[in-house]
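Okay, so here's the structure we're looking at.
What follows is calculated from the coordinates using simple rules that are stated; it is not laboratory data. If you're wondering where the values come from, they're calculated on a predicted model, not measured in any experiment. We place every Cβ from the backbone using ideal geometry, glycine too, and count neighbours over all the protein chains shown.
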Amino acid sequence: MKKENFNKNLEIYAEGSKYLMPTYNRLPVVFTRAKMQYLWDADGKKYLDFIAGYGCLNVGHSNSFVVKKVKQQIGKIMQSSNIYYNEPQVELAKKLCEITGFGQKVFFANSGTESVEGAIKLARKYSMEKFHSEKRFEIISFHKSFHGRTLGALAATAQPEKQNEFKPILEGFKYAELNDIDSVKEKINANTCAIIIEPVQGEGGVNVADKKFMVQIREACDKNGILLILDEIQTGFGRTGSMFAYQNFGVTPDIMVVAKSLGGGMPIGAIISTSEVASVFKPGSHGSTFGGNAASCSAGCAVIEYMVKNNLPERAKVLGNYFMNKLKQLADKYSIIKEVRGMGLMIGMEFSQPVADDLVKKALSDGIVINKISAETLRFLPTLIVTKKNINTLINWLNKNIKDL
Ligand SMILES: Cc1ncc(COP(=O)(O)O)c(C=O)c1O
């Protein structure tokens, strides 16, 4: 049988298009193998990864240390009901409290959006009980924010194009402007229970909160008895150059949600809070069948251990500065680049024209995986084990392809 034109990528792509719901604009490449910062497709082509599973592989793809620990765990026990503790769950909760400093209690979920849902319930319950008011359920979030796709998290996601087709949206959410404290203060009233914010907005454009703004938000929360919820689902676990982005801002949350890179590729999310806030959650207040399963939690423990041992947050800081400088040099050279912004290894590059889609596709055909968050903006979220050489490869590619635009 003749095999020259055989293309496994396209074969799987065609089957996928037939059987999977079309919720993504998928590209016709299927990755079947990955190791650290590299991927291989079904036809054996190698790629350099600058999106890391939308930021969930800070420790790299199939990191050997994580794989070993998970394999050991799944050979023993993967899952038990949540009316029992399991060892990795307890160990991971302890680790999360230790590395956050403010954290005293943890609830495990399976994803980012689920963690946000739980945080909304926790904040509402805490505030309504503490202030003896059934009306104290309002939450302030920010335009261009992204907190997830389930209905509570979607209500916090202040992007009309994501909400409009799913109305009615859960009530009680107000939207302020990032880096504009007056717009926040205008929305605060006696019914405000929490403010939820990404320290660096990811999906909304890699928009970095000002340090002063974060401090002002914390002050406004303290003054009004409002809880500060930080969504560190994308910024957490070293991404911005410290273990959590809030450590760059000197501002501590009351509740923090994490997911993505905590699992090193395994599905997991967590709500971390002070004991006082967590005390309102009683048996029956919230739950999850798979939340805190031993397999995902063993991955989480291994991720934190690996990250601390290899000082990945510092690596993200140093390489992030290097990467950012190189991108800014390109921006000085090409007027089509409007802005380069970000923190650590979370970087956005905005163009004055809608060229992002073409660049993503061209990069893929040249063996580099990058991502666009709008028609004009590229986002780079490499693994934190990316090297200077890898960064130079991307910079050289950008230099050539932006010149050719
Ligand atoms: C800041 C932020 N919050 C929440 C979410 C939702 O997480 P998940 O896709 O795991 O539900 C995301 C996902 O991109 C995110 O970046």
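Extending 7 Å from Cα along the Cβ direction at TYR54 and again at PHE102 yields two label points whose distance is 2.6 nm. Spin-label model, GLU91/LYS400: points 7 Å from Cα along the beta carbon direction are separated by 4.6 nm. Shown in residue order for the stretch 129-146 are the 3J(HN,Hα) couplings computed by the Karplus curve 6.51 cos²θ - 1.76 cosθ + 1.60 at θ = phi - 60°: 6, 5, 9, 6, 9, 6, 8, 7, 10, 6, 10, 9, 10, 10, 3, 6, 6, 9 Hz (x for Gly and Pro). Note on the stretch 285-330 and the stretch 86-140: Cα centroid distance 20 Å, given to the nearest whole angstrom.
Taking θ as phi - 60° and the Karplus parameters 6.51, -1.76 and 1.60, the scalar couplings of the stretch 369-374 work out to 9, 10, 9, 10, 10, 7 Hz in sequence order, x denoting glycine and proline. For SER64, project a label point 7 Å along Cα to C-beta. Then give me every residue of the stretch 17-46 with its amide nitrogen under 19 Å of that point. The answer is 33-40. Which residues in the stretch 311-346 have a backbone N closer than 16 Å to a point placed 7 Å from the Cα of THR387 along the Cα-to-Cβ line? Correct set: 319. From the square roots a ≥ b ≥ c of the eigenvalues of the alpha-carbon gyration tensor of the stretch 236-286, which class results: rounded (a/c under 1.5), prolate (a/b over b/c), or oblate? Note, shape of the stretch 236-286 comes out oblate. Using only alpha-carbon positions in the stretch 250-405, the gyration tensor eigenvalues give semi-axes of 37, 17, 16 Å once each is multiplied by 5 and square-rooted (largest first).
For the stretch 125-225, the square roots of the Cα gyration tensor eigenvalues, ordered a ≥ b ≥ c, give a/c of at least 1.5 with a/b no greater than b/c, which places it in the oblate category. For a paramagnetic label modelled on ASN25 (point 7 Å from Cα along Cα→Cβ), amide N atoms under 17 Å away belong, within the stretch 317-360, to 349-360.
Across every direction, the projection of the convex hull enclosing the Cα atoms of the stretch 57-129 has a mean area of 6.6 nm². Farthest toward the positive end of the dipole of the stretch 66-309, out of ILE99, MET78, ALA153, is the Cα of MET78, where the dipole comes from beta carbon charges about the Cα centre. The C-alpha radius of gyration of the stretch 66-309, expressed as a fraction of 2.2 N^0.38 Å, stands at 0.98. Oblate is the label for the stretch 102-173, because the ratio a/c of its alpha-carbon gyration tensor axes (a ≥ b ≥ c) is 1.5 or higher and a/b is not greater than b/c.
Of the residues GLU134, GLU11, GLU232, the one with the fewest other Cβ atoms within 10 Å heads the list, and the complete ranking is GLU134, GLU11, GLU232. Over the stretch 182-319, all Cα pairs binned in 10 Å intervals from 0 give whole-percent P(r) values of 11, 36, 35, 16, 2, listed from short to long. Applying 0.36 nm per residue to the separation of GLU171 and ALA190 and subtracting their alpha-carbon distance, the gain on full extension is 5.2 nm.
Under a 5 Å amide H cut-off, with hydrogens placed 1.01 Å from N, ILE347 pairs with PHE380 among residues at least 5 apart or on other chains. Residues PHE142, PHE213 in ascending order of nearby Cβ atoms (within 10 Å, fewest first): PHE213, PHE142.
Each residue of the stretch 113-122 is assigned a 3J(HN,Hα), and the resulting list reads 4, 5, 5, 5, 3, x, 5, 5, 4, 4 Hz, derived from the Karplus form 6.51 cos²θ - 1.76 cosθ + 1.60 (θ = phi - 60°), x at Gly and Pro. The spacing between the stretch 337-405 and the stretch 11-53, judged by their C-alpha centroids, is 18 Å.
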